[in-house]
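Below is one structure, written out as structure tokens, with a few remarks after it.
The values are calculated or read from the model by the stated rules, or taken from the named source; none is laboratory data. Nothing here was measured: the structure is a model prediction, and the numbers come from that model. Positions of Cβ are generated from backbone atoms using ideal geometry, with glycine treated the same way; all protein chains shown enter the neighbour counts. We work out accessible area using only protein heavy atoms, side chains counted, and drop any ligands, DNA or RNA first. Shrake-Rupley method; radii C 1.70, N 1.55, O 1.52, S 1.80 Å.
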Amino acid sequence: MPYLTSTGTPRRTGGAEQLGFGVPGYAHPLLAPTEWAELTRPGTPLHWAVLNIDDGPGARPDPHCLEAAGRLRNARERAVRGATPRDSARGAGGRLLGHLDLAFGSRAFGELIADAQSFLDWYRVDGFYLGRCPAGRAELPAVRRLTSTLATLLEHDEGGDERGLLVLGAGTHPHPGYAEAADQVVTFCGPWADYRWSQVAEWTAAYPPERFAHFVHGVPRTHLEEAMRIARWQGAGTIFFTDRDRQHGQMDPFAALPSYWDEIVSRIGPGISE
């Protein structure tokens, strides 16, 4: 099985753990109204969704994005209030994350913090998704500085017991130190042809599934079960699988719902809002 660790170390997920969705970023609510509406449907096992207006918050508040953000926030509040004690671990589901483009480390620290503050002021986001995050050891100190500052911003903005969520969109296995720089790391983002033969970095075995996410495009409906099995064996707790790909003019395969959305929701199981 190519998706196991090379040493044969048993993975920490045997298939019983509950997977959930992380949405890398749907298209603008005017272009993808169905997609944004599905995020608030009762029972959808949503961990978080990314709001990305123009590789960031945009130049000014967008009324359509404000409405979509408000609906997701209200759905989350209803879900958390209705959670039973055994569902408390899933009460963090349905968070809205602002998209910060790190451009693989080339963005200035001040620009990123300014974008983060705009997301907080305008959309009251619950955290941040750090897109195009670098993965090398040399860039790690700068990423740590950024995530530490973002955590402080979120702490001051939240004003409550709940802490904000930070996700590193590396898309590959970064230096192990990145696991301590944020709450979650996207360790795979790519096509099904690569994912089905992928291997997980052995250092990830020291962390629970909620610390890792996988995004895979071009997954055929007939291979959904295999894809979910790979995610579980590789120790990823958050996923987004789609049959869309980069062919036929589709620039971003994650911008819209997969054709089998209802099926994958039913396979994963209901969320706390059901």
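With 16 Å as the cut-off, how large is the P(r) tail for region 133-194, expressed as percent of Cα-Cα pairs?
Details: 900 of 1891 pairs.
Summing the P(r) tail past 16 Å for region 133-194 gives 48 percent.
Can you tell me the accessible area per residue over the chain, all protein chains present, probe 1.4 angstrom, in square angstrom?
Details: 12490 Å² over 274 residues.
Each residue of the chain exposes 46 Å² on average to a 1.4 Å probe.
If you add up the charges near Thr40, with Lys and Arg at +1 and Asp and Glu at -1, over every other residue whose beta carbon is less than 12 angstrom from its beta carbon, what do you get? Can you show the working numbers first?
On the way: positive: Arg41, Arg71, Arg73, Arg76, Arg78; negative: Glu35, Glu38, Glu67, Glu77.
The answer is +1.
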Q) When the chain is modelled as a GNM with alpha-carbon springs shorter than 10 Å, which of Ala205, Ala68, Ala116 fluctuates the most? A) Ala205
(Q) Of the candidates Trp122, Trp197, Trp36, which one comes out as most mobile in a Gaussian network treatment of the chain with C-alpha springs shorter than 10 Å? (A) Trp197
Q. Each residue of region 144-153 in order: what ³J(HN,Hα) in whole Hz does its phi give by Karplus 6.51 cos²θ - 1.76 cosθ + 1.60, θ = phi - 60°, with x for Gly and Pro?
A. 4, 4, 5, 5, 5, 5, 5, 4, 5, 4
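Can you check how the C-alpha radius of gyration of region 134-274 compares to 2.2 N^0.38 Å, as a plain ratio? Numbers along the way, then the final one.
Numbers: Rg = 16.5 Å, N = 141, 2.2 N^0.38 = 14.4 Å.
Rg over 2.2 N^0.38 Å, computed on Cα atoms: 1.14.
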**Q.** At 0.692 mPa s and 37 °C, Stokes D of the chain from Kirkwood alpha-carbon radius, µm² per second
**A.** 175
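Can you compute the charge dipole magnitude of region 103-190 about its Cα centre, using +1 on each Lys and Arg Cβ and -1 on each Asp and Glu Cβ, nothing else charged? Give it in debye, rounded to the nearest 20. Could the numbers behind the result be given before it?
Working: 7 positive and 12 negative charges, 100 e Å.
Charge dipole, region 103-190, about its Cα centre: 480 debye, nearest 20.
Pro134: net charge of surrounding residues, Cβ under 14 Å, Lys/Arg +1, Asp/Glu -1, itself excluded?
Working: positive: Arg107, Arg132, Arg137, Arg144, Arg145; negative: Asp101, Glu139.
That works out to +3.
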